[in-house]
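Take a look at the structure set out below.
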Amino acid sequence: MPDQTARPGDGHGEAATDGGALLRPGDTCWQVARAGRFSMIVDAADYFAAAREAMLRAEHSIVLVGWDFDLRIDLAPGKDDGEAPIKLGAFLKDLVRRKPGLQIYILKWDMAVLYTLTDHLLPIFALDLVRFRRIHLRFDSTHPWTAAHHQKIAVIDDSLAFCGSIDMTTDRWDTRGHLPGDEHRVRPDGSPYPPWHDVTTAVDGEAAKALGELCRERWRIATGRRIKPPRDGHDLWPGSLAPQLRDVDVGISRTMPAFGGRPAVHEIEALTLAAIGRARRSIYIESQYFASLRICEALAARLAEPDGPEVIVVNPLSADGWLEQVTMGTARDILRADLDKADRDGRFGFYHPVNEAGEPIYVHAKVLVVDDDLLRVGSSNINNRSMGFDTECDLAVEARDDGERDIIASIRDDLVAEHLAVDVETLRRAESDAGGTLKGGIERLRTDEGRSLRSMPLREVDESAKALARSHLADPERPTDPERRISHLAKRMARRMPTAGWMALSTGAVLAGIVAGRRGRSGAGR
């Protein structure tokens, strides 16, 4: 795997103005692979249903790679068709019973277990999943200290793959309606959770096969064992899913921290910077976080240009949990203020979505659309961890002709129109009336009542909160950063406090960094 440790200024992310392709294997992506069909799936209700439909037809292998899995979730709440169980654990067991040649591999980030010990491990044993020889569950610990394996990928027989930001775990299932009080939006214990917005993709053909290769390599590194690839592919495309693009080239971009002799890979950051540099009219971002200094500096530079693109960002209203808010949330406030200052012509819009009852919709999607030329969907957030510290995977489509540009524009407009509770044509008319700008269209349509996009409030940040955010303890840029910072803190405390005192403080700092970046929905709903 190529070493992508180069930073902007040494050739990475700067070729965007040369008119060449944005997707460059070995730089902004790992490889470009052809998909016979490509579709973006919005929200977990449709994803879980499509994945269940495809897995029912699996013959050789199902490989599930994720930040987290919860075997108790319903894949199709309220829609038991009698064909197979709807709870994930029971469903997987039923599949291997009825398909003697099927092997199922589940690879989960090991540190997630710390925060879900009784929630997840006990159900694994209660479901007796470990007894099934053809269901292989492993916890992946091959990462730097406090880093996360954050990819969210499902590959079925190397014929169909899903890749995006949706984990098969609790608090994820929701419909595009994000209805107030939806009776199906509940945890396994019956407690409700708030509305949740998420996005993934489906691909087949060579793109699915390439993702299968990526997942098998993850498995080999994590376990020391190899998964045998399927011999023959077959058509698994779900009938419930309409393809949006056909015979399209798909770029697969990754973030991988240096570890165990493996070089670092920063393809996602390189692609993001290159795309921002290439933008002519608009940059549309949906992300759980907005805390990457390099990305925000690149956006600020474009906003400062007299004829630069508009920048639209959709985030959740707030991070969950105190520590999460004073690290990622405060970093967002600082960087947002910098962008406001750079925004010379009012081209920057920062919004959060609410449902028809005015409840904040938590944004977990990770989407980048630049003009109508590039669509990128995956697991990476706009934060330091996703650009260099965690393990991520994104899929990107770079338009080759006007037909593909129209589809990319329609995908973006569909997302924005949904947030505004209007149809795409209404959004486009509003844009036209506002001089052809996306921000202008949003401003004409958004309301302070009912489902809409609301302007993101800007909080005043005190100096102590700024200092904590700038420490990057919960959002490190590179693998060595947290160890170096905590070691420095421990040495300082050793000179001032008794041994027990500074040991406790430094240990607390370590745990704070882990918890803030990793804890279920409240440290990221990663």
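The values are calculated or read from the model by the stated rules, or taken from the named source; none is laboratory data. Keep in mind that this is a model prediction, so the values were computed, not measured. No Cβ is skipped: glycine too gets one built from the backbone with ideal geometry, and neighbour counts run over all protein chains shown. Keep in mind that these areas ignore ligands, DNA and RNA; they rest on the heavy atoms of the full protein, side chains included. Shrake-Rupley method; radii C 1.70, N 1.55, O 1.52, S 1.80 Å.
Listed values, structure above:
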quantity: FRET efficiency estimate (nearest 0.05) - Cβ-Cβ, GLU356 to SER410, R0 22 angstrom; calculated: 0.35
quantity: Cα-derived Rg to Rh of the range 291-394, Kirkwood definition; calculated: 0.96
quantity: Solvent-accessible surface (1.4 angstrom probe) belonging to HIS352, in square angstrom, nearest 10; calculated: 20
quantity: D_trans [Stokes-Einstein, Kirkwood Rh over alpha-carbon pairs] for the range 178-285, 20 °C, 1.002 mPa s, µm² s⁻¹; calculated: 116
quantity: Subset of LYS87/LYS366; LYS152/LYS439; LYS87/LYS108; LYS87/LYS209 violating a 22 Å alpha-carbon distance limit; calculated: LYS87/LYS366; LYS152/LYS439; LYS87/LYS209
quantity: Accessible area in the full protein assembly, largest first, 1.4 Å probe, for ARG454, ARG429; calculated: ARG429, ARG454
quantity: The range 351-427 - Debye-derived log10 I(q)/I(0), Cα point model, q = 0.24, 0.25 Å⁻¹; calculated: -1.12, -1.15
quantity: Förster radius 45 Å - calculated FRET efficiency between ARG280 and ALA90, Cβ distance, rounded to 0.05; calculated: 0.35
quantity: Size-normalised alpha-carbon gyration radius of the range 270-311, reference 2.2 N^0.38 Å; calculated: 1.08
quantity: Full-stretch length increase - TRP145, ARG262 - with 0.36 nm per residue and alpha-carbon distance subtracted; calculated: 40.6 nm
quantity: Rough spin-label spacing in nm, given labels placed 7 Å along Cα→Cβ, for GLU460 and ARG98; calculated: 6.2
quantity: Computed label-point distance, nm, for sites ASP401 and ARG246 using a 7 Å Cα→Cβ extension; calculated: 1.2
quantity: Per-pair calculated FRET efficiency, R0 = 45 Å: ASP307 and ARG187 via Cβ, rounded to 0.05; calculated: 0.35
quantity: Projected-area average for the range 242-308 over all orientations - Cα convex hull basis, square nanometres; calculated: 7.2
quantity: Stretchable slack from ASP235 to PHE132, in nm (0.36 nm times residue separation minus alpha-carbon distance); calculated: 34.4 nm
quantity: Residue-span extension gain [GLU217 to GLU425] - 0.36 nm each, minus C-alpha spacing; calculated: 70.5 nm
quantity: Heavy atoms of TYR284: accessible area, 1.4 Å probe, square angstrom to 10; calculated: 0
quantity: Semi-axes of the equivalent ellipsoid for the range 125-195, Cα gyration tensor, largest first, Å; calculated: 27, 18, 16
